[in-house]
Amino acid sequence: MYAGRDRGPSADWSAFITSRHKRELPIIGWREWVGLPDLGIETIKAKVDTGARSSSLHAFRVRVFERDAETWVRFDVQPIQRNSTKITDLEAPVLEFRSVRSSSGRASQRPVIVTSVSLLGLTWPVELTLANRDEMGFRMLLGREAFRSRFLVDAGRSYYGGRPPSSRRKNAKKKPDGRRRVMATGDVEGLEVPASTVRRTPKKHSPR
């Protein structure tokens, strides 16, 4: 017997299932090394942000083009933080364009792609907004839509999935000189964005 007001068997059973489901979910930290196997990126450090709805990937020299009557995007990625020498040139079909507001308050249309993310032995598809995150601390942001019902987040710890050996080396105290921004945030070369493909996010959010 339960003390107090009887909630009924259905409410108790629902609470039991929810509690059991949460206990069975694997735990990740507020930052993790993830893989993007479809893009050929073995490891990239991502910030796991429960306050962000969508996910984004640092990309620059973004060029939109047509291939077989479909819209594609070609872009460059620097998967290693504070390293402007390692650049990966990638291509992917565009899912849609979304209006994204930067930390400075400037709104721009950004391409969205679907690619696989791997973490803790799991691989699943995630929608990624291609945005210039050169001024941010992380090359990738993993929003709650990407890990909802898959993981629980421990905001006080990091790297439940481990770290690659190269990341354990001490970072240089000074950032490399001569870094320059190839494109201004929000610039996309190529096709004009059709109005019908633009989806505005219901809640304005600045990737952190």
Checklist entry - Can you name the number of the only condition in (1) more than 18 Å from A52 (Cβ to Cβ); (2) among the aliphatic types (A, V, I, L, M); (3) within 10 Å of the chain's Cα centre (by Cα) that V126 fails? => result (1)
Item to check | Looking only at segment 84-103, and only at residues there that are surrounded by fewer than 19 Cβ atoms within 10 Å (Cβ to Cβ) and among the β-branched types (V, I, T), the one that is modelled with the highest pLDDT | outcome: T88
Checklist outcome for this item: Given (1) in contact (Cβ under 8 Å) with a residue 24 or more places away in the chain; (2) in contact with a Leu (Cβ under 9 Å, 6 or more places away or on another chain), R98 misses just (2)
Item to check | Sole residue being under 19 Å from R31 (Cα atoms) and small (G, A, S), chosen from S84, S118 | outcome: S118
Checklist entry - Of the numbered conditions (1) surrounded by fewer than 20 Cβ atoms within 10 Å (Cβ to Cβ); (2) touching a strand residue (DSSP E or B) at 6+ places or on another chain (Cβ under 6 Å), L120 satisfies every one except a single condition; which is it? => result (2)
Next on the checklist: I need the strands (runs of 3 or more DSSP E) fully contained in segment 118-189, keeping only those with at least 1 residues that are at pLDDT below 90 and out of contact with any Gly (no Cβ under 6 Å at 6 or more places or on another chain).
Outcome noted: 122-131
Item to check | Residue that is surrounded by the most Cβ atoms within 10 Å (Cβ to Cβ) [pool: residues in segment 45-83 that are of a type in the set (V, I, T), modelled with pLDDT of 90 or more and over 21 Å from V153 (Cβ atoms)] | outcome: V73
Checklist entry - Does R106 qualify as being exposed (fewer than 14 other Cβ atoms within 10 Å of the Cβ) and either at pLDDT below 95 or of a type in the set (A, V, I, L, M) (or both)? => result yes
Item to check | Any chance R148 is farther than 22 Å from D38 by Cα, surrounded by fewer than 20 Cβ atoms within 10 Å (Cβ to Cβ) and out of contact with any helix residue (DSSP H, G or I) (no Cβ under 7 Å at 6 or more places or on another chain) | outcome: no
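The values are calculated or read from the model by the stated rules, or taken from the named source; none is laboratory data. The model shown is predicted, which means the values in this text are computed figures rather than measured ones. Cβ: placed from backbone, ideal geometry, glycine included. Neighbour counts: every protein chain shown.
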